[in-house]
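Here is the structure we will look at, set down as structure tokens.
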Amino acid sequence: MSAKAPIPVAGAADRAPAVRQMFDDLAPRYDIANRVLSLGLDQAWRQKAIRALGENSKGTVLDLCAGTLDLTRMLLDNGAAHVHAADFSQQMLSHGQTKLQAGEPFTIHCADARELPFEENSMDGLICGFGLRNVPELPVALAECARVLRPGGTLVVLDFFQPVGLLPRLLQGTYNRVIVPIVGGLITGAGEAYRYLNESIDAFTTASEFEDMLSQQGFTTHADRMFPPVAHLVVGNLADE
């Protein structure tokens, strides 16, 4: 990470430009850092998130906050009719695009989650892995998710929510405050960026609060805790009209 790159302030309303720069800088080493830090579990979590889409994973799916396109690759392998991958970091998308093949049914969009470049009711499914906690004005982004999903569509969000309960708080707090900055810093040279991870979780909602926010947008929801208990999968379904 460049020494001149701004470090985001997780609770700041205007943190989006700094977060975008941070991810642009992390892009070349982002995947290997994820694999090492999660001991490979992040890929299993993503596979479970795709299964949670159900039959909607076979239709037109939006991979929101797509990053280096791990979920896009998995969705295509799973038989999605078309995947729209959207992220506000062009460098993350560019590094991830090497995972995709010309002629496969995907479209890449450099776009903000708060202003999606898609028509209403245009997506059968929407999936977001470890991205929404970086989005300022989260209710605006969730309203956009509801707008682009068709009635009967499914939204799946995999993320590190604020932990609830003694064991999850102990595990997540120790891991994110101590291990992540050290190991992430060694791999990427950007320890400050990985300290932001913990700050972004502290500034995020609990899974239960996130479910309430989705309910206000017309979703029926349920949440599952991943193993180990440091991440959650939240699934929302829009009622058929």
Peptides 113-121, 68-76, 84-92 ordered by average Cβ neighbours within 10 Å, highest first: 68-76, 84-92, 113-121
Nitroxide proxy distance, nm - points 7 Å out along Cα→Cβ at Arg51 and Asp240: 2.5
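Highest mean first, how do 55-61, 30-36, 96-102 rank when packing is the count of other Cβ atoms within 10 Å averaged over residues?
Per-residue mean Cβ counts within 10 Å order the peptides as 55-61, 30-36, 96-102.
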Quick check: the distance between the Cα centres of the stretch 87-114 and the stretch 142-194, to the nearest angstrom? 21
Applied in sequence order to the stretch 88-94, the curve 6.51 cos²θ - 1.76 cosθ + 1.60 (Karplus, θ = phi - 60°) yields integer Hz couplings, x standing for Gly and Pro, of 8, 9, 5, 5, 4, 4, 5
Alpha-carbon radius of gyration plus Dmax, which is the widest Cα pair, for the stretch 99-186 in Å: 17.0, 49
Just one of [x] 133; [y] 150; [z] 107 is volume of the Cα convex hull per residue in Å³ calculated from these coordinates, so which is it? [z]
Among Leu41, Leu116, Ala86, pick out the residue whose Cα is farthest towards the positive end of the charge dipole of the chain, where Lys and Arg carry +1 and Asp and Glu carry -1 on C-beta, about the Cα centre. Leu41
Which trypsin sites (Lys or Arg not before Pro) in the stretch 172-228 pass both tests, a DSSP loop state and at most 11 other beta-carbon atoms within 10 Å? none
What is the set of long-range amide H partners of Thr206 at a cut-off below 5 Å, with H atoms built 1.01 Å from backbone N? Gln162
Interchain or sequence-distant (5+) residues whose placed amide H lies within less than 5 Å of the amide H of Arg15 are none
Could you run the Karplus curve 6.51 cos²θ - 1.76 cosθ + 1.60 with θ = phi - 60° over the stretch 65-79 and give me ³J(HN,Hα) per residue in whole Hz, x for Gly and Pro? 6, 6, x, 8, 6, 4, 5, 4, 4, 5, 4, 5, 5, 7, x
What does the helix-only formula give at 222 nm for the chain: each DSSP H stretch with n ≥ 4 adding -39500 (n - 2.57), the total divided by the residues, and the result rounded to the nearest 500 deg cm²/dmol? -11500 deg cm²/dmol
Explain nothing, just compute: Karplus ³J(HN,Hα) = 6.51 cos²θ - 1.76 cosθ + 1.60, θ = phi - 60°, for every residue of the stretch 201-214 in order, whole Hz, x for Gly and Pro. 5, 4, 8, 8, 8, 6, 4, 5, 5, 5, 4, 4, 5, 5
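Just so you know, all these numbers are worked out from the coordinates, no wet-lab data involved. Keep in mind that this is a model prediction, so the values were computed, not measured. As a convention, Cβ positions derive from the backbone with ideal geometry for all residues, glycine included, and neighbour counts pool all protein chains shown.
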